[in-house]
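Have a look at the structure below, then the notes.
The values are calculated or read from the model by the stated rules, or taken from the named source; none is laboratory data. Note that the structure is a prediction, hence the values are computed from the model and not measured. Every residue, glycine as well, gets a Cβ built from its backbone with ideal geometry; the counts of neighbours run over all protein chains shown.
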Amino acid sequence: MTIPAELIQQLVKATHVAVLTGAGVSAESGVPTFRDAQTGLWAKYSPEELATPRAFRRNPRLVWEWYEWRRKLVANAKPNPAHLALAAMEKRFEQFHLITQNVDGLHQRAGSTAVIELHGNITRTKCFDEDTVVLNWPDTGDVPPKCPNCGGLLRPDVVWFEEAMPETEMNLATQASTNCDVFLSIGTSTVVYPAASLPFEALRSGAIVVEINPQSTSLTSHAHYVLQGKAGEMVPLLLAAL
């Protein structure tokens, strides 16, 4: 696919670029989407049994073990060409914000530094009671382990259903979307709110909006440019054209 010359011109003159990435980018590294991760042993459980505060209170061991299984999948995954191209793209612009719905940390592993994590990071752990990140804890054999500070249960530092989005990150993402010259929506179905509102915020603020996705979404008919294809193919093409 040829990248439209007009899009390249818009990017070349842009000083502020914002990017939103979704599950499609991680899927190309072999990281299953949330729904796809409910397979095998986990197929019999609903999201409400694995990813809500209520589920954790009811059966913390079950929830912890599911996330441990997912953490191993993430640890074995590697950044794909889309991750690497976005990390390289960051260096091309005066301001560059990478907003992600993904929790796997692959953008950081690829070299991206300006990452806004809307849904947290599965590789981090926090205290369920104190809501603070915990880096180390004694190995007592407890599942889940206990917080070394208060003795409460530890949990993955991700946003569960029924939980509010992190206010700081959401504010940063909104500011980046409303102030950018070009907004790239990559590998996201644009159905999970409030993240799905960000490209429309960019549109309302006068930014050029580009969608990169294999399938059409609710954003497709509104975007200025649509690059239909996999992120791992389209983002490197875009970078090369710059």
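One line per residue, one yes/no per condition, for (1) more than 27 Å from residue 170 (Cα to Cα); (2) touching a helix residue (DSSP H, G or I) at 6+ places or on another chain (Cβ under 9 Å); (3) modelled with pLDDT of 95 or more:
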site	(1), (2), (3)
33	no, yes, no
41	yes, yes, no
53	no, no, yes
69	yes, yes, no
74	no, yes, no
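Can we say residue 48 is in a helix (DSSP H, G or I), surrounded by fewer than 20 Cβ atoms within 10 Å (Cβ to Cβ) and at pLDDT below 95? For residue 48, the condition - in a helix (DSSP H, G or I), surrounded by fewer than 20 Cβ atoms within 10 Å (Cβ to Cβ) and at pLDDT below 95 - is met.
Is it the case that residue 219 is surrounded by 15 or more Cβ atoms within 10 Å (Cβ to Cβ) and farther than 25 Å from residue 96 by Cβ? No: the conditions fail for residue 219.
Take residue 97 and decide whether it is closer than 17 Å to residue 184 by Cβ and modelled with pLDDT of 95 or more. Answer is yes for this residue. Looking across segment 161-194, the residues that are within 14 Å of the chain's Cα centre (by Cα) and surrounded by fewer than 22 Cβ atoms within 10 Å (Cβ to Cβ) come down to 165, 166, 169, 170, 189, 191, 192, 193, 194. Scanning segment 124-143 for residues that are under 25 Å from the mean Cα position of the chain (by Cα), in contact (Cβ under 8 Å) with a residue 24 or more places away in the chain and closer than 20 Å to residue 57 by Cβ yields a count of 5.
The residues in segment 1-33 that are part of a helix (DSSP H, G or I), under 30 Å from residue 74 (Cβ atoms) and not polar (S, T, N, Q) can be counted, and the count is 4. Screening residue 108 on (1) in contact (Cβ under 8 Å) with a residue 12 or more places away in the chain; (2) surrounded by fewer than 21 Cβ atoms within 10 Å (Cβ to Cβ); (3) within 14 Å of the chain's Cα centre (by Cα) shows it passes everything except condition (1).
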